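Chemist: Pasting a structure here, questions to come.
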Amino acid sequence: MTEKDKLENEEFNDKTGTQEIPEEEQEADKNYEAEEAEVKNDSSSKGDDESPMDKLAKENQDLKDKYVRLYSEFENFRRRTAKERLEMINTASVELIRELLPIMDDFERSFKAEAGSGKASKNNEGSRLIHNKLEKLLSSKGLEPMNDLVGKTFDAEYHEAITQIPAPSDDLKGKIVDVVEKGYMLGGKVVRFAKVVIGN
């Protein structure tokens, strides 16, 4: 651009009231507009993201869920251990009771022998008294004898068949004919199987 052109351009601008904007200022304006657009985009994208309150609410909900799960797991553990402890207390004396059962058997055999001989002596009254006390003690601990098995159907979960004999009658076929050794249960579980004879 010549000197003359510049003068003419300035005169024209003076007449119209406008000024020519230098190139540096034009570039600065463009940069400013670009930055402004970026700021607008950032603010609009932040609107899409969660606010700090939403984040805190979500974290709070996650922590509540974890707490509820942990609490329910602990409750299950507490119930399970309480149940196991109760079962252990109920069955803690099983071994001792098993060792006392042959003594009960001996008492009952002596009473049967005495009844068979027809001799009832005063000495046996003491034995009966001891037997009754022992029986009450064991039943207070939850021991239950399997009574009245003759004529019942054989059940392998409660009975142990030691032999088979011809059934005295047709209705006793496959059923218990005689009890050789009495069975006992403790807390719903078999402590000793009843040894029985089955009719065939």
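Chemist: Taking the Cβ of Tyr71 as the center, what net charge do the other residues with Cβ under 13 Å away carry, scoring Lys and Arg +1 and Asp and Glu -1?
Modeler: +2
Chemist: Can you give the accessible area of Lys133, probe radius 1.4 Å, in Å² rounded to 10?
Modeler: The accessible area comes out at roughly 140 Å².
Chemist: Ordered by packing density, taken as the mean number of other Cβ atoms within 10 Å over each peptide's residues, highest first, how do 74-84, 165-175, 142-152 rank?
Modeler: Result, highest mean Cβ count within 10 Å first: 142-152, 165-175, 74-84.
Chemist: Still on this structure, I have one more. Give me the distance in nm between label points sitting 7 Å out from Cα along the Cα-to-Cβ direction at Lys141 and Ala113, one decimal.
Modeler: Once both label points are built, they end up 2.5 nm from each other.
Chemist: Under a Cβ-Cβ cut-off of 15 Å, what is the net charge of the residues other than Pro166 that fall near it, where Lys and Arg count +1 and Asp and Glu count -1?
Modeler: -1
Chemist: Please give the FRET efficiency for Leu96 paired with Asn200, using the beta carbon to beta carbon distance and R0 = 30 Å, rounded to the nearest 0.05.
Modeler: 0.20
Chemist: Can you tell me what share of the DSSP beta bridges in the stretch 81-200 is antiparallel? A percent to the nearest 5 is fine.
Modeler: 60
Chemist: Counting other Cβ atoms within 10 Å, keep those with at most 13, restrict to DSSP loop, and tell me which GluC sites (Glu not before Pro) in the stretch 130-200 are left.
Modeler: Within the stretch 130-200, the qualifying GluC sites (Glu not before Pro) (loop, at most 13 other Cβ atoms within 10 Å) are Glu157.
Chemist: Can you give the net charge of the other residues whose Cβ lies under 14 Å from the Cβ of Ser139, counting K and R as +1 and D and E as -1?
Modeler: So the surrounding residues net to +2.
Chemist: In sequence order, what are the phi-derived ³J(HN,Hα) couplings for the stretch 162-174 according to the Karplus relation 6.51 cos²θ - 1.76 cosθ + 1.60 with θ = phi - 60°, rounded to whole Hz, with x for glycine and proline?
Modeler: 9, 6, 10, 10, x, 5, x, 9, 5, 6, 9, 5, x
Chemist: Another one. Taking the Cβ-Cβ separation of Glu181 and Asn124 as r and a Förster radius of 25 Å, what is the calculated FRET efficiency to the nearest 0.05?
Modeler: Step by step, r from the Cβ atoms, then E = 0.70.
The values are calculated or read from the model by the stated rules, or taken from the named source; none is laboratory data. Predicted model only: the values in this text are computed from it and were never measured. All Cβ positions, even for glycine, are placed from backbone atoms using ideal geometry, and neighbour counts span all protein chains on display. Ligands, DNA and RNA are stripped out before the accessible areas are found, and what is left, the full protein with its side chains, is counted by its heavy atoms. Shrake-Rupley method; radii C 1.70, N 1.55, O 1.52, S 1.80 Å.
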